[in-house]
Structures are given as C-alpha cells and as structure tokens.
1. Go through the range 197-223 and count every residue that is within 51 Å of the chain's Cα centre (by Cα) and of a type in the set (Gly, Ala, Ser).
2. Failed condition for residue 287, given (1) open to solvent by less than 20 Å² (accessible area, probe 1.4 Å); (2) more than 29 Å from residue 199 (Cα to Cα), with all others met?
3. Among 154, 64, which is touching a residue at least 40 places away in the same chain (Cβ under 8 Å), open to solvent by 80 Å² or more (accessible area, probe 1.4 Å), of a type outside the set (Phe, Trp, Tyr) and out of contact with any Pro (no Cβ under 6 Å at 6 or more places or on another chain)?
4. Return the only residue of 280, 253, 313 being outside the structural domain of residue 216 (by the TED database), open to solvent by 40 Å² or more (accessible area, probe 1.4 Å) and under 37 Å from the mean Cα position of the chain (by Cα).
5. Among the candidates 312, 319, which residue alone is within 30 Å of residue 165 (Cβ to Cβ) and without any contact (Cβ under 8 Å) to a residue 24 or more places away in the chain?
6. Collect the residues in the range 253-279 that are assigned to a helix (DSSP H, G or I) and acidic (Asp, Glu), keeping them in residue-number order.
7. State which residue pairs qualify: first residue over 21 Å from residue 217 (Cβ atoms) and inside the range 257-285, second residue of a type in the set (A, V, I, L, M, F, W, C) and open to solvent by 30 Å² or more (accessible area, probe 1.4 Å) in any location, beta carbons under 7 Å apart, and separation of 6 or more residues or different chains.
Amino acid sequence: MLGIFPGSSASFSRKLALFSGIVSLSVFTSEIRPAESLNKIIATVGNQSISELDFDDAQDKYQKLSNTKYLKNEDMRKSLRTRIIDFLIDRAVVDSIAEDESIQVNEKRLESEIEKRMEFMGVTSRKQFEKAVESSAGMSYELWYTELPYQIKKTQLMQYKVPNHPPSDKDIRSWYAQNREKVGFEVQYRQIAISPNNDSITEESRIHKEASEIKKNVLSDPASFGLIAGSPRNTDANLRARKGLMDWVSSFELYKTNRSVAVALSTIPVGSVSEVFRDERKRYCIVKVEGKRPTPLENVRQGIVNLLSREKEDENFMKWVRESRSTVPIQIFDEAYKKENKIPDQQETLNLD
C-alpha cells in the first residue's frame, strides 16, 4: 500500500498536512474577506481609525442628535453620508486634542459631573434627575449619557482653547430691536386697594359692592382714578400717599412680588382700567395702566449678552474644530466622501535610492 505513493510515510504525512493547511487557509481567507469589506477603514484621525462599522453605529446617534440642540449648525446641502463622516471626524479631532491637553473623562469623572448637576438643580433622586434631563435635553437619558463625555471635553476645551468673541454692541442692539416683546415690558400704573375689616360674608359683600361702584365711577370719568386713589377710600396708606401711583417697574419683578396685579396689568392697554380682583392680601383691587414700554436695553443688556454668547458657543466651537483639523493628521479613504468634497487621491511615491 505504501508503494502507491512516492517517498516515505513521514514524507506523505508532511505533504498531507501542508495540503490541508493550504485548503484551510483558503477557506479562512474567503470567510474573512466579507468582514474586512464590512469593516474597511473610512478615515484615520491621528492614531484613531474610523471604520465602516463605526459609521453604521454613528448613524442612529447622529439622526437622534439632529433633532436636538446639540446639532444645530449642520450643512444640509451635503449628503447624509458626508455629514455623518464629518461628525465622526470632528469627534475624533476633539478626542485627539483633549488627549494632548490631558483632559480625561472616565466613569468617576462622569459620576462627579452628574452629582454636580444634581446639586445645582436641587435634585436628590437619580430618577428625578433623569426625567429632568430628558425634558430639558429633548432626548433619552441613555443617549444624553453617551453624549456627556464629549460635552465635558467640549466645555473644557472652550475654556482654554476656543477664542471667546463677545457680541458687539451692534449685535446686542439689533437683537433688542427685533425681540422687544420677548424682553418683557415696564409698566407705570395706579392702584386702589380696599381691605375688608373682617372675614364675614357681610363685610365681603360690602367691600365688593364699594369696589364695583368705584369701578363704575372711574369708567365714566377716567381722570377721577387718581383722586379716588388718593382719598380715604383707598385703604392702603402707602398707595394713598402717592394717589395710587406706582412708578415704572418691570413686569418680571412685579410678577415676583405681586402676581395678581401683574396678571391684571398684562391684559389691558394704556389708559384702561382693570376688572375688580382680589390680590394675595385678600384686598379688592382696581388698577389703571398709565404707561407701558419695553424694558430698557440697559436693564437687559447683560441678559442679551449671555443669550447671544450661548447661541454662538456651538458655532464658535465647530468653527474651531474644523480649523483644528489642520493640526491633526487626517487621511480619508472613503471614495464617496472624497468625490463629494473634491479631495484628490494621495499619490504614493517609492524612493529607490
């Protein structure tokens, strides 16, 4: 039997093993090629690789973040694939620079950040905090938590690396001119307040009747409001001494101190008189609007500066990230991305010296 095959049985065994190895390698190679294709490298950023699997994982997160405040400056003229690849590249650039700046975000750092935010919000229950986060962020808590490491790095990099350009006076005045209704108003008004002597139904009825008569009088003669407000019929001595006049006060401040009066004033125009209402002190009141004006710019300037600065934060940060691409080695291998963004193929040269 052994004579059928040339060479010794040991030689035959070695050849058979070699043949089996070749077959196994061929099968193994054919099996891993599809996996290699699925996980091909799209780009490299510094020492990080972005693969096709990374792209697949990022699609769902990108789509969800697109519906929130976290992705507001996307260029919708670009294809979805390009936007997602840019999203991954930008995140990798931030990771690379954060690593160079020794900004580390581990589990302990995340828990510390959450505890700090809970304390700031005055919340002690983790479930309550999670619900508050979902409400304010407009996303699930799980998605917010996966985004937290990036937001921590972003906050620290903005403090140390991103130039801070406060809004100009022109920008502030322009915003104020376009949003006068949003900044609220200041009001000048007169008030008549009548306090009952006791809590009896008879006294309540008497006071309501008196207030209704005053309302009827001032409607027929608006000029009489100041006279009545300065008379003993106005039982509030402080108001009576000023003929009921309350000088300019912001609606916001008035709402904090006298909500019922603020509500009454918000519904009537200048020169008009309110219905009879009861305030927080159980007094029967009538108010007349002497004047209304938007809150002066100087009273809300700092608030506008803060608002415009916050609105520009994301824009300034993304501009800085895109500019920082030139400081981090980036190679693009995705043909569709290169074609859309007009990136030339890199020519490899071989030195034969």
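1. 3
2. If we test residue 287 against (1) open to solvent by less than 20 Å² (accessible area, probe 1.4 Å); (2) more than 29 Å from residue 199 (Cα to Cα), just (2) comes out false.
3. Values: 154 fails: open to solvent by 80 Å² or more (accessible area, probe 1.4 Å).
Being touching a residue at least 40 places away in the same chain (Cβ under 8 Å), open to solvent by 80 Å² or more (accessible area, probe 1.4 Å), of a type outside the set (Phe, Trp, Tyr) and out of contact with any Pro (no Cβ under 6 Å at 6 or more places or on another chain) holds for just one of 154, 64, which is 64.
4. On the way: 280 fails: outside the structural domain of residue 216 (by the TED database); 253 fails: outside the structural domain of residue 216 (by the TED database).
That would be 313, the only listed residue that is outside the structural domain of residue 216 (by the TED database), open to solvent by 40 Å² or more (accessible area, probe 1.4 Å) and under 37 Å from the mean Cα position of the chain (by Cα).
5. Working: 312 fails: without any contact (Cβ under 8 Å) to a residue 24 or more places away in the chain.
Result: 319 is the single residue among 312, 319 that is within 30 Å of residue 165 (Cβ to Cβ) and without any contact (Cβ under 8 Å) to a residue 24 or more places away in the chain.
6. 253
7. If the second residue must be of a type in the set (A, V, I, L, M, F, W, C) and open to solvent by 30 Å² or more (accessible area, probe 1.4 Å), the pairs left are 260/277.
One line per residue, one yes/no per condition, for (1) more than 16 Å from the chain's Cα centre (by Cα); (2) closer than 16 Å to residue 67 by Cα; (3) of a type in the set (D, E, K, R):
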| site | (1), (2), (3) |
| --- | --- |
| 124 | yes, no, no |
| 135 | no, yes, no |
| 139 | no, yes, no |
| 148 | no, no, no |
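The values are calculated or read from the model by the stated rules, or taken from the named source; none is laboratory data. Just so we're clear, the structure is a prediction, and the values are computed from it rather than from any experiment. We place every Cβ from the backbone using ideal geometry, glycine too, and count neighbours over all the protein chains shown. All accessible areas refer to the heavy atoms of the entire protein, side chains included, with ligands and DNA or RNA removed. Shrake-Rupley method; radii C 1.70, N 1.55, O 1.52, S 1.80 Å.
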